[in-house]
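Data block below; observations after.
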Amino acid sequence: MGRANKKKKGLWWKVPVIVVVLLAITTGVYAFTVYNGAKATVDKKMNQQVAAIDTKVTKKKVKATEPLNILLLGVDQRANDRGRSDALMVLSLDPKNDRSQIVSIPRDSRTEMVGDSKHNGELDKINHAYAFGGADMSIQTVENFLDIDLDYYVRINMEGLSELVDAVGGVTIDNNLDWQGSNGFHYKKGTLNLDGDEALGYVRMRYEDPKGDLGRNERQRQIIQAVVDKGANVGSVNKIDDVLDVLGNNVATNLDFDTMKDLMVNYKDTRKDMTTYQISGSGTRIGGIYYMQISDQEVQKARQKIQDYNS
């Protein structure tokens, strides 16, 4: 079993490819003042350790250029409320074969809550783990759900995604569904150039999509990949500063800047071959509440995909 099950007795858990955005940004940061600004932003504003992950162990894996699993959490934060994780993805980096993979987990997936909370052991929607116990409980719950080990996490406020898109000068995506957004923007089928607000509307839409949450997860991955590609080419110091400001205000991670530099050197080519997988299930109502039931076979399939990138 993965580390999560072991932590039920004591310790506990570990969103976005945003981590790759960070790596891409640091690739172009050579000026001394910009370098110092990046280091200060990451280590003082973004770095938030979690009890479930022993960074001494994960840093050894980075030094040895071993495969890594990173939990990406897109969080819908509200005033006076921790919020819920609107997007959950496991990013696997395989530096040996220069490839990466994103496995998306439906936010309504019904699974056991694991962590330091009165809700520990309850069956609930996987996105509620963040509301119950923050990043720690989300990490441990995902580890338990997929029976995997997570090495790092990155959490981003979804409102910050809009600012991040603007900071890199907008993104270009290929839209396969024609629809009118609640923001008044017409998302025509085909190639679209989106600003921050338009990108946020793109990732949040689901009711006009016949695939529901599955379609939304795919759009989230599209925007993330587009930000990664655009961020990798951010050239001006002014834009780098803008991106760092957005990240510092909206992102939390247990990665420190020195580790990011190591990833930049040894893992930067993993983004060139990125595949995605969407965990699927069947919708059902239990006690009047909607859940996504994920079969044991589907969980095993997703687990095997991740393990294939870890071998």
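We did not get these values from a lab; they are worked out from the coordinates using the rules stated. This one's a predicted model, so the numbers in the text were calculated from it and none came from an experiment. Heads up, the Cβs are rebuilt from the backbone with ideal geometry, glycines too, and the neighbour counts pull from every protein chain shown.
Quick notes
- Among THR141, THR191, THR41, the ranking by other beta carbons within 10 Å of each residue's beta carbon, starting with the fewest, stands as THR191, THR41, THR141.
- Relative contact order (%) - criterion: Cα under 8 Å, at least six apart; region: the range 86-240: 15 percent
- Partner aspartates and glutamates whose Cα lies under 14 Å from the Cα of LYS96, excluding those fewer than 8 positions away in the same chain, are identified as GLU66, ASP269, ASP273, ASP308.
- Separation between Cα centres of the range 243-262 and the range 85-117, rounded to whole Å: 19 Å
- One decimal place: the segment VAL265-GLN48 gains 75.8 nm when fully extended, by the rule 0.36 nm per residue minus the C-alpha distance.
- Going from the fewest other Cβ atoms within 10 Å to the most, the residues SER295, SER104 appear in the order SER295, SER104.
- Members of LYS59/LYS272; LYS272/LYS305; LYS44/LYS118; LYS45/LYS261; LYS63/LYS305 lying beyond 27 Å, as alpha-carbon distances in this model show: LYS44/LYS118
- Using a cutoff of 8 angstrom between alpha carbon atoms and counting only pairs six or more residues apart, the relative contact order for the range 168-221 works out to 29 percent.
- Relative packing of 259-272, 120-133, 241-254, which averages over residues the other C-beta atoms within 10 Å, highest first: 241-254, 120-133, 259-272
- Global geometry of the range 63-199, whether rounded, prolate or oblate, following the gyration tensor of its Cα atoms and the 1.5 cut on a/c: oblate
- Cβ crowding within 10 Å ranks THR276, THR111 as THR276, THR111, fewest other Cβ atoms first.
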